[in-house]
Each structure stands twice: as structure tokens, then as C-alpha cells.
Amino acid sequence: MSTGEQTLTASAVTKVRPRKAATRRQKRERLVAAGFLAPFMLLLLIFQYVPLLVMARNSFYDYSLLNPAAEKFVGLRNFADMIEYEDAATSFGITFLFALGVVLFVIPVAFALALFLNSKLPARGLVRTMIMLPVVTSSVVVATMWSFLLDPSNGLINGALDAVGLARQPFLTSTGQALAALVAMTLWQQVGFGAILFLAGLQGVPAELSEAARIDGATRRQVLWNITIPLLSRTTLFVVVIMTVFSLQAFAPAFLMTQGGPQESTNLIVYHIYNTAFIMQQAGYASALSVVLLLVVLAISMIQMALLRSRWNY
Amino acid sequence: MKVYHIVFAGLLGATALSATAVQAQDKPACTGESVTLRILRTPGNFPYPKPMEAWQKDNPCVQFEINEVPFAQLADTISVQAASSNPPDVIVYDGPNTQSYAASGILLPITKYLPKGWDDDVLPATKAEHSYNGEVYSPGIEQTTVAMYYNKKLVEAAGIKPPQTLAEAWTWPQALEAFKKCQQGPAGAATVWGLGPTRFGNGQPGLVYQDLPYQRSAGDPKADPSSSAFKTYWALSPDSKSVEGYLDTPEAVEALKFYQSLFNSEGVAPKAGIPNAFFDGKACFYIDTPAAGNALIKDPKIEWGTTPIPYFKTPVVHTGSTTFGATARSKHPEIAAKFVVDMSWGEYAYMNVSQRGNLPTLKSLFPRFAVYNQYPMKVFVDQLQSWGQPRPPGPKFAQYDKIVSEALRGVAFGGDPASLMADAEKKVQRVLDR
């Protein structure tokens with residue numbers, strides 16, 4: 001009998017075998033599990049999925065929050081407006097640039113910090129505390145603090161530039177520098193989170209692999225490049241996806257530091273959605289923007305998962 | 001038990017009984033159905049406790065439930081709560097939004113509840129701002145406008161004598177010379193600024209309330225209605241339906257180039273907020289409402305004076321303040337409307353206005369505020385009566401305010417005035433057409 005025939009026979013046997021009835025204990029365990037899951041699932045349903053459905057429905061209507069009863073069905077007009085007017089494309093473009101900046105800077109800096117924290121160098125505990133402090137500090141506090149630091153006239157950073165003879169910079173009031181300033185602030189705030197995730201990944205890498213490579217004559221750089229980084233691909237994927245989603249959802253920096261300006265140069269999409277709904281009173285259009293943002297975030301996450309899929313297990 | 005114990009107990013009992021009697025006399029018992037009015041307001045805003053307590057004596061069946069939100073979140077909160085199944089009965093809101101809230105059906109028309117003589121007594125600017133389609137939606141309580149404060153010590157040290165009457169008011173180029181003369185430290189990074197930052201919002205320039213008059217003052221309200229001078233002054237068509245050709249006129253662009261120079265080439269005003277800059281002696285001049293003057297009268301941290309707002313061609317200042325109204329979907333519309341109207345009339349209005357120190361909306365109350373009959377606070381009253389204009393009114397004011405403020409801020413930060421205002425026109429028009 002060939003292997004193929006054996007497999008076929010085995011699967012046929014599996015198919016005809018009657019399903020074993022669950023024992024009383026299994027039933028009780030399933031019930032307990034359902035009981036524990038139910039409150040969370042209920043909250044998830046009420047506060048996540050139902051609003052998503054309502055949002056999707058609202059994206060086909062034109063209405064204001066001040067008078068929702070006067071809503072009008074407009075079909076795909078809100079989506080057509082996104083193409084006809086520049087605001088959506090501009091805001092999405094700025095948000096992608098912001099996310100790209102955050103991911104490109106956070107990943108290497110967080111990884112370098114994690115390598116340092118994973119070593120036996122002195123002051124690791126102090127550095128760990130220092131990099132985690134911004135993560136646990138409120139975004140409002142961080143944004144306010146950075147607004148003072150980046151003040152074009154009296155900010156600490158401009159004071160330092162002035163002291164070393166460099167020209168003062170406009171930072172948040174310049175169309176060319178404001179977004180970069182927000183990326184720098186986000187890097188400072190989020191790098192600790194990335195570093196802790198990378199550190200957890202590093203501590204899970206089997207030491208014997210690098211030891212074997214070192215015995216075989218590999219340099220530290222070769223070990224890092226050929227063993228550590230490939231084995232950290234799952235962690236890297238996680239950090240990239242998390243940082244991308246965080247960046248695409250960023251609201252506080254635009255709201256508190258720049259109000260989307262100057263000249264919309266920091267008009268991040270979530271802030272734009274907030275403005276569209278609450279200030280411009282175009283809640284239907286804001287819903288349509290939210291639907292597109294949801295689809296974009298899903299698509300980007302799926303692409304990242306496909307591109308950074310892990311090829312090694314340990 | 002000793003005799004003095006009995007006397008002492010008797011005295012205590014008598015005091016307690018008399019106190020109860022006084023309380024009962026102060027707060028008449030409610031004989032009808034008890035009603036609770038839900039009020040949404042900002043902290044430190046009217047209606048104030050004293051007039052409310054006085055009003056409750058006449059209306060013992062009415063109780064109040066007050067919810068407060070910071071001014072920055074007020075419009076958002078109203079957006080959400082007004083559409084809910086249980087909206088507040090009375091809302092305090094930013095005055096220029098009256099037409100927007102009236103058009104959306106949030107506010108209850110109160111024309112029929114207004115007392116006799118209200119029409120003649122109220123300031124015309126207040127009535128215009130709070131009316132929509134022939135109905136009055138808010139009686140208004142207080143009115144504000146801005147003037148330019150100055151630090152006497154700094155200004156006198158620089159040899160400057162600011163004008164004290166409207167007839168002698170500076171033009172903007174004259175004011176700029178004064179800013180430059182008084183400023184200390186390098187342009188753009190001064191230790192004492194020529195013109196201090198606003199206390200509104202986050203302290204950045206660009207607010208319609210304070211900064212749109214730069215370009216409006218370059219226009220002329222008496223010019224031909226099709227002329228750019230006329231459109232520059234009004235900044236929105238008379239029917240509130242068009243803004244095209246009203247914001248990017250040659251006169252407006254020229255005025256905005258001057259406005260931009262204050263923050264850039266001349267460097268006499270900061271681009272970011274500095275908390276309490278004027279009150280801490282870090283600014284020679286400063287633009288604010290009468291509330292700042294009244295605070296300085298109570299706590300004179302510095303020696304100060306006021307001077308009228310400078311202009312290019314036609315002097316103009318914006319009016320408007322927070323106000324309040326009864327909601328159309330209130331469960332007690334009659335009582336809510338009565339409360340709102342009562343609070344803004346007669347003695348209750350006086351009690352409310354005197355609490356914060358802004359200007360009253362009733363002409364009959366002006367003589368009772370002696371402070372406004374003499375310099376420096378008289379400048380506000382004179383400006384209000386001679387130069388005051390509401391911010392471009394219409395049911396889409398909130399959107400206009402947001403878009404134009406962003407454009408003005410862009411100009412202050414160095415953007416091209418012509419293209420920024422043309423872009424703002426397009427955006428506002430999209431909202432008006434929708």
C-alpha cells in the first residue's frame with residue numbers, strides 16, 4: 001500500500017468515526033470559560049463592533065451632530081468628496097509620513113537600547129527607568145512639556161541652540177519642521193515601549209545558538225546579523241505593527257501642540273476626523289473618513305505581516 | 001441639674017428654633033410640582049450662585065443641577081448633549097454660535113418671554129447677534145470687546161504716550177513704532193515684548209475674535225457693496241451665503257502682510273503663548289477684554305492704562321461674549337425660558353454682570369457701573385458703541401471661525417497671505433454650500 005493510499009484510508013476512518021460526546025467535566029469547563037469570556041465579549045460587542053456598524057451606516061448619510069434627526073441619505077457622496085477635495089488625501093499623506101518617520105526611527109533606536117539593556121553593562125536599571133518614564137507619562141503632559149521645549153522664542157532647545165551660536169529654529173510654527181518635531185516627540189515617548197518588547201524577545205533567544213556560532217568563529221557582529229536579528233523577526237513584526245497602528249491613530253500631538261497646523265502640515269487623520277465631526281459638523285463625512293482609515297490600517301497591518309513573516313522558529 | 005444648665009439649654013433651643021424660622025422665611029416651601037433645571041456651563045461663568053439663590057426665593061419649586069465643562073470643550077459637549085435623549089434645559093455657550101444652534105433646532109425661541117422694554121434697552125449688537133429669522137434665541141447677559149492695555153512703567157520709560165480717546169486712536173503703523181520703541185531684547189526673542197501674546201486658546205495668534213479686525217479695518221463699510229473695500233470690511237456676504245471675494249481682497253492682503261510682519265520681520269510679537277506675560281511685566285502692550293482690567297483693578301499687579309485698538313482705514317472691534325439660552329427639547333421649556341430671561345433682566349442681570357466685570361448688554365445698567373464712566377475702562381464702552389461689530393454672523397460661524405483662524409495663524413507663522421486666504425475662502429464656501 002502506498003503512502004498516499006494509507007493517508008486516504010486514515011482520513012476515511014477519521015470521517016466515519018462518530019464524534020465523541022463531551023464529558024460532563026468538559027461541558028462544565030466550556031460553560032465556565034464562556035462565563036469568564038461573556039462580560040468582555042459583551043463589552044467588545046457593545047463598544048467596538050456595534051459602533052463600527054453604526055459608523056459604516058453613517059458614512060452613507062449627511063448630517064450634523066447638532067441635529068442628527070435631519071440626516072439625509074447621500075449614497076457614496078461622502079466617499080466621492082474624499083476624492084474631489086484635497087483634505088482627505090493631504091491628511092492621509094501627512095499621517096503616513098508621520099507613521100513612517102516614527103517606525104523608521106523607533107525600531108533601530110529601541111533595538112539598540114534593548115541590546116544595551118540585555119548586556120551586563122553598568123547603569124542598566126537607571127536606563128530602563130529613564131526610557132520607561134515617558135511611556136507611562138500622560139500624552140497630554142508630554143505634549144505640553146514638548147510645546148514649552150520647542151517654543152520658538154523662549155524654548156529650552158532654542159536657548160541651547162543660541163548658546164552654542166546656532167540659529168534659532170521655528171519648530172512647531174514652521175511647515176517644514178512641525179511634523180519632524182512631532183516625530184521626535186513620539187520617538188522620545190514610544191522608544192521605551194519598543195525597547196522593552198525587544199528586550200523580552202532578546203531574552204527568549206536561546207543562548208546556545210550564539211555560543212555555538214562564537215565557538216565556530218563568528219564575530220559578535222555576525223552573531224547579531226545572522227542569528228539574533230533573524231530570530232527576533234516575530235518581535236520585530238509585533239513592534240512594527242504596534243508602532244504603525246499607534247502612529248496612524250495619533251491624536252494628542254496634533255490636538256495639543258499644533259492644532260493640525262501650520263497650514264495643515266500636521267493635520268493627522270484622527271485629528272482631521274475629530275475636526276470634521278465636531279467643529280465642521282459633517283459627521284457623515286467624518287464617518288466615511290473613519291471607515292477608510294479602518295480599512296487602511298487593516299491593509300497596512302496585513303501587508304506588514306506578510307512581508308515580515310517569520311521564517312525561523314525556536 | 002443646675003439652673004444655668006437649664007437656662008443654657010433654653011437659649012440653645014430658642015436659637016435653633018429662630019434659625020429654622022429664618023431659613024423657612026428665606027426659602028419659601030414649594031407647594032406645587034418640584035422641577036429640576038439642568039444647566040450646562042463653563043467654570044466661573046454665569047448664571048452665578050447669588051442671583052440663582054435670589055431667583056429660587058421667587059420660584060421655590062425649581063432646583064438646579066449644574067454640569068461644568070472647560071470652555072475649550074464646551075462646543076463639543078453641546079454637540080453631543082444637545083442631540084441626546086435628555087438634553088440640558090439651559091446651555092451657556094459662545095455667543096456667535098446662536099444662529100448655528102438656532103438653525104439646528106437646539107435653542108428655544110424666547111421672543112415671547114422677553115419683558116416689555118427689552119427691545120429698547122438691549123444693545124443693538126447683542127440683539128443682532130442673538131436673533132435668527134426674526135426670533136430672539138438668547139437675551140445675552142454680558143457683552144465684551146477688546147482694547148489694548150499697556151504697562152505704564154515700561155511705556156513711559158520708552159517715552160511713549162498712548163492715546164486715551166477714540167478720536168486720537170493710533171493707526172497700526174503708529175502702534176508698531178510704539179511696540180518697537182518699548183520692546184527690550186532682540187526682535188523675535190525679546191525679554192520684554194512690544195505686543196504680548198493673547199490669553200485665549202493656547203496663546204498662538206490667529207483668533208478671529210482678536211485678529212480678523214486687522215484686515216477688516218482696511219475696508220470701508222460705506223463703499224460700494226460690490227467694491228473690495230466693502231467686502232474687506234464685512235468679511236462675509238450680508239446674507240451669510242458667500243465668502244468668495246471677501247477674505248483675499250487686495251486691501252485684506254496688504255493688511256495681513258503688516259500683521260505677518262509683527263511676528264516675523266519686525267519681531268515685536270511672539271508666535272507662541274507666554275502665560276501671564278503682560279501681568280508679569282514681560283509685554284509693553286496687550287490686547288484683552290474688560291475682564292483683564294477688572295482683575296487688575298481688584299489686584300493691581302502693575303500700573304496700567306488702555307488705548308483704543310489701532311486700525312488701518314476704518315476702526316473696528318469685534319463684540320460678543322458667552323451667553324445662554326433655553327434648549328428647544330428641554331422637558332421644562334417654559335420654566336427654562338423664564339429662568340434665562342429673568343437672569344438677564346433687571347437686578348438679576350446686574351448681579352450676574354457685576355460678578356465677572358464684563359460689560360452689560362442693557363443700556364439701563366451702564367450708569368450703575370461707575371468704573372465704565374471713566375478712563376481707562378471707558379475706552380471699552382466707547383469702542384463698543386462706536387466701532388463694535390459682531391464677528392461675521394451666520395449659521396455656520398463655528399466652521400468659519402475654525403477655517404479663518406487657521407488661515408490667520410498660517411499668515412502669522414509666515415505663510416503667503418493671498419494664497420492662504422484664497423484657500424480659506426474655498427473651504428468656507430464648501431461649508432456654506434453644503
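The lone criterion from (1) away from chain B (no Cβ under 13 Å); (2) not in a helix (DSSP H, G or I) left unmet by A:Val297 is number (2).
May I ask you to say which residue of A:Ala288, A:Ala277 is away from chain B (no Cβ under 12 Å) and over 30 Å from A:Val239 (Cβ atoms)? Lay out the reasoning, then the answer.
Numbers: A:Ala277 fails: away from chain B (no Cβ under 12 Å).
Just a single option satisfies the conditions, and that option is A:Ala288.
Considering only residues in the range B:177-197 that are in a helix (DSSP H, G or I) and surrounded by 17 or more Cβ atoms within 10 Å (Cβ to Cβ), the one that is farthest from the other protein chains (Cβ to nearest Cβ) turns out to be B:Ala178. Taking each residue of the range B:220-236 that is more than 21 Å from B:Ala407 (Cβ to Cβ) and looking for partners that are not in a helix (DSSP H, G or I) with beta-carbon atoms closer than 7 Å, six or more apart or interchain, yields B:Asp220/B:Lys313; B:Asp220/B:Thr314; B:Pro221/B:Thr314. Selection of the range B:261-279 for residues being charged (D, E, K, R) and modelled with pLDDT under 95 yields only B:Lys271.
Identification of strands (runs of 3 or more DSSP E) wholly contained in the range B:31-140 with 1 or more residues that are touching a residue at least 60 places away in the same chain (Cβ under 8 Å) and within 14 Å of chain A (Cβ to nearest Cβ) yields B:90-94. Just give me the residues in the range B:153-176 being surrounded by fewer than 14 Cβ atoms within 10 Å (Cβ to Cβ) and in a helix (DSSP H, G or I), in sequence order. Result: B:Lys153, B:Ala157, B:Ala167, B:Glu168, B:Pro173, B:Gln174.
For A:Thr266, are the conditions met, namely being away from chain B (no Cβ under 13 Å) and farther than 30 Å from A:Phe73 by Cβ?
Criteria not met by A:Thr266.
Every test in (1) at pLDDT 90 or above; (2) open to solvent by 40 Å² or more (accessible area, probe 1.4 Å); (3) assigned to a helix (DSSP H, G or I) is passed by A:Met305 save one, and that test is (1).
Hey, among the residues in the range A:132-161 that are open to solvent by 40 Å² or more (accessible area, probe 1.4 Å), within 14 Å of chain B (Cβ to nearest Cβ) and of a type outside the set (A, V, I, L, M), which one's farthest from B:Gly273 (Cα to Cα)? So, considering only residues that are open to solvent by 40 Å² or more (accessible area, probe 1.4 Å), within 14 Å of chain B (Cβ to nearest Cβ) and of a type outside the set (A, V, I, L, M), the one farthest from B:Gly273 (Cα to Cα) is A:Thr144. From the list A:Phe92, A:Phe73, A:Phe98, A:Phe79, pick out the single residue that is aromatic (Phe, Trp, Tyr), open to solvent by 30 Å² or more (accessible area, probe 1.4 Å), under 28 Å from the mean Cα position of the chain (by Cα) and away from chain B (no Cβ under 14 Å). Result of the check over A:Phe92, A:Phe73, A:Phe98, A:Phe79: A:Phe79.
Looking across the range A:55-67, the residues that are within 14 Å of chain B (Cβ to nearest Cβ) and either open to solvent by 40 Å² or more (accessible area, probe 1.4 Å) or under 19 Å from B:Gln81 (Cα atoms) (or both) come down to A:Asn58, A:Tyr61, A:Tyr63, A:Ser64, A:Leu65, A:Leu66, A:Asn67. Would you say A:Pro253 is in contact with a helix residue (DSSP H, G or I) (Cβ under 7 Å, 6 or more places away or on another chain), within 14 Å of chain B (Cβ to nearest Cβ), in contact (Cβ under 8 Å) with a residue 24 or more places away in the chain and not in a helix (DSSP H, G or I)? It is false that A:Pro253 is in contact with a helix residue (DSSP H, G or I) (Cβ under 7 Å, 6 or more places away or on another chain), within 14 Å of chain B (Cβ to nearest Cβ), in contact (Cβ under 8 Å) with a residue 24 or more places away in the chain and not in a helix (DSSP H, G or I).
Out of the residues in the range A:12-30 that are surrounded by 10 or more Cβ atoms within 10 Å (Cβ to Cβ) and in a helix (DSSP H, G or I), which is modelled with the lowest pLDDT?
By that ranking, first place goes to A:Ala12.
Quick check on B:Ile274: is it open to solvent by less than 20 Å² (accessible area, probe 1.4 Å), touching a residue at least 60 places away in the same chain (Cβ under 8 Å) and assigned to a loop (DSSP other than H, G, I, E, B)? Answer is no for this residue. Within the range B:354-377, the set of residues being at pLDDT 90 or above and under 13 Å from B:Phe46 (Cα atoms) comprises just one member, B:Pro360.
Would the range A:100-115 turn up any residue that is touching a residue at least 60 places away in the same chain (Cβ under 8 Å), aromatic (Phe, Trp, Tyr) and under 16 Å from A:Ser290 (Cα atoms)? No, there is no match, as no residue in the range A:100-115 is touching a residue at least 60 places away in the same chain (Cβ under 8 Å), aromatic (Phe, Trp, Tyr) and under 16 Å from A:Ser290 (Cα atoms). Counting only helices (runs of 4 or more DSSP H) that sit completely within the range A:162-228, those holding 2 or more residues that are in contact (Cβ under 8 Å) with a residue 40 or more places away in the chain, within 16 Å of A:Val109 (Cβ to Cβ) and open to solvent by less than 50 Å² (accessible area, probe 1.4 Å) correspond to A:178-204.
Within the range B:53-100, being in contact with a Gly (Cβ under 6 Å, 6 or more places away or on another chain) and surrounded by fewer than 18 Cβ atoms within 10 Å (Cβ to Cβ) holds for one residue alone: B:Cys61. Of everything listed in (1) more than 13 Å from chain B (Cβ to nearest Cβ); (2) over 28 Å from the mean Cα position of the chain (by Cα), the single unmet condition for A:Ile229 is (2). Can you pull out every residue in the range B:207-259 that is assigned to a helix (DSSP H, G or I) and more than 25 Å from the chain's Cα centre (by Cα)? Matches in the range B:207-259: B:Ser228, B:Ala229, B:Phe230, B:Pro250, B:Glu251, B:Val253, B:Glu254, B:Lys257, B:Phe258. Is it true that B:Leu296 is part of a helix (DSSP H, G or I), more than 14 Å from chain A (Cβ to nearest Cβ) and either on the phi < 0 side of the Ramachandran plot or not aliphatic (A, V, I, L, M) (or both)? Yes: the conditions hold for B:Leu296. State yes or no: is B:Ile302 part of a loop (DSSP other than H, G, I, E, B), in contact with a Pro (Cβ under 9 Å, 6 or more places away or on another chain) and under 17 Å from B:Gly194 (Cβ atoms)? So B:Ile302 fails the test. Taking the criterion of being in contact with a helix residue (DSSP H, G or I) (Cβ under 6 Å, 6 or more places away or on another chain) and among the polar types (S, T, N, Q), the residues of the range B:324-367 that qualify are B:Ser330, B:Asn352, B:Asn358, B:Thr361, B:Ser364.
The values are calculated or read from the model by the stated rules, or taken from the named source; none is laboratory data. Predicted model only: the values in this text are computed from it and were never measured. Counting neighbours? That spans all protein chains shown, and the Cβs are built from the backbone with ideal geometry, glycine included. Calculation scope for accessible area: heavy atoms of the full protein, side chains included, ligands and nucleic acids excluded. Shrake-Rupley method; radii C 1.70, N 1.55, O 1.52, S 1.80 Å.
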